[in-house]
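Worksheet: the structure to be examined is printed underneath.
The values are calculated or read from the model by the stated rules, or taken from the named source; none is laboratory data. Only a predicted model underlies this, so the values are computations on that prediction, with no experimental measurement involved. Cβ placement follows ideal geometry from the backbone for every residue including glycine, while neighbour counts extend to all protein chains displayed. Surface areas here come from the heavy atoms of the whole protein model, side chains and all, with no ligands, DNA or RNA. Shrake-Rupley method; radii C 1.70, N 1.55, O 1.52, S 1.80 Å.
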Amino acid sequence: MAPTYDIEHLLLTQPSTRTVAGVDEVGRGAWAGPVTVCAVVTDLSEPPAGLTDSKQLSPARRGPLAAELAAWAAGVGYGEATHDEIDTLGMTEALRRAARRALEALPVRPDAVILDGKHDYIGAPWPVRLEVKGDAASVSVAAASVLAKVRRDAHMATLGCDEYGFADNAGYPSPQHQEALARLGPTSHHRLSWSYLDDLPKWRHLKLHRDPLVGEGQASLFG
C-alpha cells in the first residue's frame, strides 16, 4: 500500500492545526556516525511516484526520488546528533536534539508532528502523533524517511574509512565493518559507548561507560 494523507488530514481537523510535519530518523542502530532526523511538510499535493518507506527502495531508486522529494516538498529540515553527542547524552537525548534541530530548520513552524515509531523522543512544545510504521502510512513521514536515509548515507560515504566499508554499510555492522573493527579498532567516527566493544578484547579498554545513576541527557563518562 502506498502512503496516504489520512493521518495528516485527521490532524488538520483540529482548529489549531494548520501545518503538519512528518518526522523520521536514520542511524539509530549504526555503530559509527551520527543519527540523522528529517522533518517534512507538504502542501498535500500528489507526491512523486514510487514514494514509500525508504527501506523498501533500492539505493539506485532512493537517490533520484530524494531529489524529486526535495524539489516537491513545501519544506524540509534536517538535524543531526554526532557520535560524540550519542556517547555523552545517550540515544534518546541525541534523537531529541536532532529532531528539534530538524523541526527548527523548517521554513514554517509545524503545529503538529507525525513521528514514526512508538516512542516520543521529541516532546513539548510540539504535539506529537506516534505512528508505528508511519513511514509506510504517511506521505510526509515516508518522504522524511527517504530524505534522511539518502542524506546520512551520503555523509557516511565522505568519511573515508574504506576498510570499514562505510560507503556501503553506512556505519552499520556489516561483516566487512566487523572484521575491520576487530583488526584495526574503532575510528574517530565510532560510538565508543556501545556494547560491540565488549566483544573486542583488544579494544575493550576504549569503551566509554555511562554512570548508571545519571539519566539520559545528563551523562558523565568515565574510562
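Starting from the coordinates of the alpha-carbon atoms of region 20-95, obtain the Kirkwood hydrodynamic radius over all distinct pairs and give the value in Å to one decimal. Mind dumping the intermediate values first?
Numbers: mean 1/r = 0.0724 Å⁻¹.
One decimal place: 13.8 Å for the Kirkwood radius.
Name the residue, out of 29, 77, 165, whose mean-square fluctuation peaks in a Gaussian network model built on the chain with Cα pairs under 10 Å.
With Cα springs under 10 Å in the chain, the top fluctuation among 29, 77, 165 is at 29.
Along the charge dipole of region 17-145, pointing to its positive end and built from +1/-1 on Cβ of Lys, Arg, Asp and Glu, which listed residue (88, 59, 142) has its Cα farthest out?
Looking along the dipole axis, the top candidate is 142.
Compute the length gained on full extension between residue 182 and residue 120: take 0.36 nm times their separation in residues and subtract their Cα-Cα distance, giving the result in nm to one decimal.
My answer for the length gained is 18.8 nm.
Would you mind working out the accessible area per residue for region 5-158, using a 1.4 Å probe, and quoting it in Å²? Let's see the in-between values first.
Numbers: 6440 Å² over 154 residues.
For region 5-158, the per-residue accessible area is 42 Å².
Which order, highest average first, do 137-143, 68-74 follow once you tally other Cβ atoms within 10 Å for each residue and take the mean per peptide?
So the order, starting with the most tightly packed, is 137-143, 68-74.
Per residue, what volume in Å³ does the Cα convex hull of the chain take up? Before the final figure, lay out the partial values.
On the way: hull volume 27.1 nm³, N = 223.
Cα convex hull per residue, to the nearest whole number: 121 Å³.
Mark the label point 7 Å from the Cα of residue 104 along Cα→Cβ and return the residues of region 43-81 whose backbone N is within less than 20 Å of it.
75-81
Considering just Cα atoms, how many Å³ per residue does the convex hull of region 70-162 enclose?
Per residue, the Cα convex hull of region 70-162 comes to 116 Å³.
Can you give the charge dipole size of the chain about its Cα centre, rounded to the nearest 20 debye, using +1 on the beta carbon of Lys and Arg and -1 on the beta carbon of Asp and Glu?
Using Cβ point charges on Lys, Arg, Asp and Glu, the chain gives about 240 debye.
Taking R0 as 41 Å, what's the FRET efficiency between residue 82 and residue 18 from their Cβ-Cβ distance, rounded to 0.05?
Values: r = 34 Å, r/R0 = 0.82.
That pair, residue 82 with residue 18, gives E of 0.75.
Give me the percent of accessible area attributable to carbon and sulfur for region 162-206, probe 1.4 angstrom.
Ligands and nucleic acids excluded, carbon and sulfur give 54 percent.
Quantify, in whole percent, the carbon and sulfur part of the accessible surface of region 18-57 (1.4 Å probe; protein heavy atoms only). Write down the numbers at each step before the final one.
On the way: 660 of 1450 Å².
Of the solvent-accessible surface of region 18-57, carbon and sulfur hold 46 percent.
May I ask for log10 I(q)/I(0) of region 162-206 at q = 0.19, 0.28 Å⁻¹, from a Debye sum over the Cα atoms as equal point scatterers with solvent left out?
Results for region 162-206 at q = 0.19, 0.28 Å⁻¹ read -0.51, -1.11.
Would you work out the relative contact order for the chain, in percent, from Cα pairs under 8 angstrom that are 6 or more residues apart?
Relative contact order for the chain comes out at 26 percent.
When the helices in the chain are scored as -39500 (n - 2.57) per DSSP H run of 4 or longer and the sum is shared across all residues, what 222 nm value do you end up with, to the nearest 500 deg cm²/dmol?
Numbers: 8 runs with 79 residues, N = 223.
Taking each H run of at least 4 residues, the total per residue is -10500 deg cm²/dmol.
Relative contact order for region 162-206: what is it in percent, counting Cα pairs under 8 Å that are at least 6 residues apart?
Relative contact order here is 28 percent.
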